[in-house]
Structures are given as C-alpha cells and as structure tokens.
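Just so it is clear, none of the values below were taken in a lab; they were calculated from the coordinates. Since we're looking at a predicted model, the values are computed, not measured. Note: ideal-geometry Cβ built from the backbone for every residue, glycine included; neighbour counts use all protein chains shown.
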Amino acid sequence: MSLDFTGRRVVVCGGSRGIGRGIALGFARAGAAVSICARSPGPLETTRRELGEKGHAATCDLGDEASIRAYVAAAGAALGGIDILVNNASGFGTTDDATGWAACFAVDLMAIVHATHAALPYLEKSEGASVVSVSSISAYRVAVRNPPYGAIKAAVNHYTATQASALAKKGIRVNAVAPGSIEFPGGTWEKRRLAGDPLYENTRSRIPSGQMGTPEDVADVVLFLASPMARWVTGQTITVDGGQLNG
C-alpha cells in the first residue's frame, strides 16, 4: 500500500537528519511539497536538495519562539499553506540539572507548542489537517540515564491528547509516535556502536528482532497518521519500537 500526498504541504520541524530527514523524504517521495528546518545549515541544505524542486528549507532555533514563528510563516508562504505539521526536534537534555531540563523543556515540549500555534492559521484552512509529534519510548519507563528527556516526552504524549481534543472541532487531528532505539548515520546509536560501547549490544539484544530501528520505520507510521487512512485516529501516541518495550 502506498500513500499519495500529492498537493499536500508538509512542515517538518527538525528535518535535516535522522528521523526528521526520513519523515521529510517520505512525504516528498509520496508527492508532497515539504519544508524543513534545523539549526545547522550544512545538513539542512543537503536534505533540501534531496527533497527536490518542491522542497524548502530554512535555519531555525527551535528553542526560540520568535525563530519558530518566523520559520513557520516563511514555510507557509513558500508552500502556499500548511496541511501537515511534524514536530520532531529534541534538545537531548540528559543531565538532571537546570541545563538538561531547560534544553528538553524548550525544544522537546515548547517547540511543539510554539510551532502548532504558529501553524494553526494555515491548518485551520486545510481540509484533513494533521499534526504529528515525535515522542519516545523513554516516556513509558524509568530513564536514569536521561531524566529530563523521559519526563518531557511523557509530557509530549499528554499534550498530544490535549491538543487532539482542543482542535477536533477545527478538523485537525493530532497524534504522536514513540520510537524505540533508532540507528542512523551520525546518530547516537551509530556512535555507540562504532565506539564499542556495551550499551549498544545490550540494547540491541533486548529488541525481539535483534536489530535497531531505522528512520524509515518511524517515517512510514508518521505518513500513515497524517493520511486519510487514519482519519478516525486522533489523540494517540503510537509506539514504533519493534517490541523493544516488551523485550
């Protein structure tokens, strides 16, 4: 089954690498016009070229409300509107101190709030509009290695359900995905594998399939949630982990 997003306009916040890149390219391959943002101009431009002639990209500090609002406005103008908003960025706060918590709060949670508010005037004009945010299975279990990350992702799940209820009468569906351990070039898990970190094999061995996930594994679920095939699905956080939580 293939999904057709021809004529649809998609904004991916945090779309230059990893899961965000996989999502952006998935929508582009399905015919959508896609805008992405990130802080680093190099990877951003590389991915923009991969998106093709309908691709748009701009740098954005997703920890800053003014930067987010400026980007969403630019994306809406470049695409001629916004039908689908994907919130993917993470501040990757891991330390149980003010710095770690501030990083996660600003990017993992408040960027979703700011981007959704900025995109609402466009989404309200779209038929079948959808918002999909990227959470994590860390939201469902103790996260000793990264306390703020797990706690804030749990807040993302809760806010997803709240948004879904608040925006339902506007015809906007809101869902989230909670990926497990995803490996991609330059990502945390690849770095751990190349460094011989025992945590890599310990984690991989607990996944029933015996392998890490890929950005495409997550992207396919995001595309489904944003498509008419999921027209009666809203307020949900879908786990995409190959059974890792049960391993």
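In percent, rounded to a whole number, the relative contact order of region 1-144 is 22, using alpha-carbon pairs under 8 Å and six or more apart.
Binning all Cα-Cα separations of the chain at 5 Å, short to long from zero, yields these whole-percent fractions: 1, 7, 14, 19, 21, 18, 11, 6, 2, 0, 0.
No disulfide-compatible partner, judged by a Cβ distance under 4.7 Å, exists for the following cysteines of the chain: C13, C104.
Relative to the longest principal axis of the C-alpha atoms of the chain, give the angle of the C-alpha long axis of helix 18-29, reported between 0 and 90° and rounded to the nearest 10°. Approximately 40 degrees, to the nearest 10. Using Cα atoms only, what is the angle between the long axis of helix 147-167 and the major principal axis of the chain, expressed in degrees (0 to 90) to the nearest 10? Between the helix axis and the principal axis of the chain, the angle is about 30 degrees. When we measure straight from the Cα of K54, which lysines land under 22 angstrom away, once same-chain ones fewer than 8 places off are left out? Excluding near neighbours in sequence, the set is K125. Each DSSP beta bridge with both residues in region 1-146 is either parallel or antiparallel, and the antiparallel ones are about 0%. In the chain, the longest principal axis of the Cα atoms and the axis of helix 110-123 are about 20 degrees apart. Scattering from region 1-74 was approximated by placing one identical point on each alpha carbon and applying the Debye formula without solvent; log10 I(q)/I(0) at 0.15, 0.16, 0.21, 0.24 1/Å stands at -0.44, -0.50, -0.81, -1.02.
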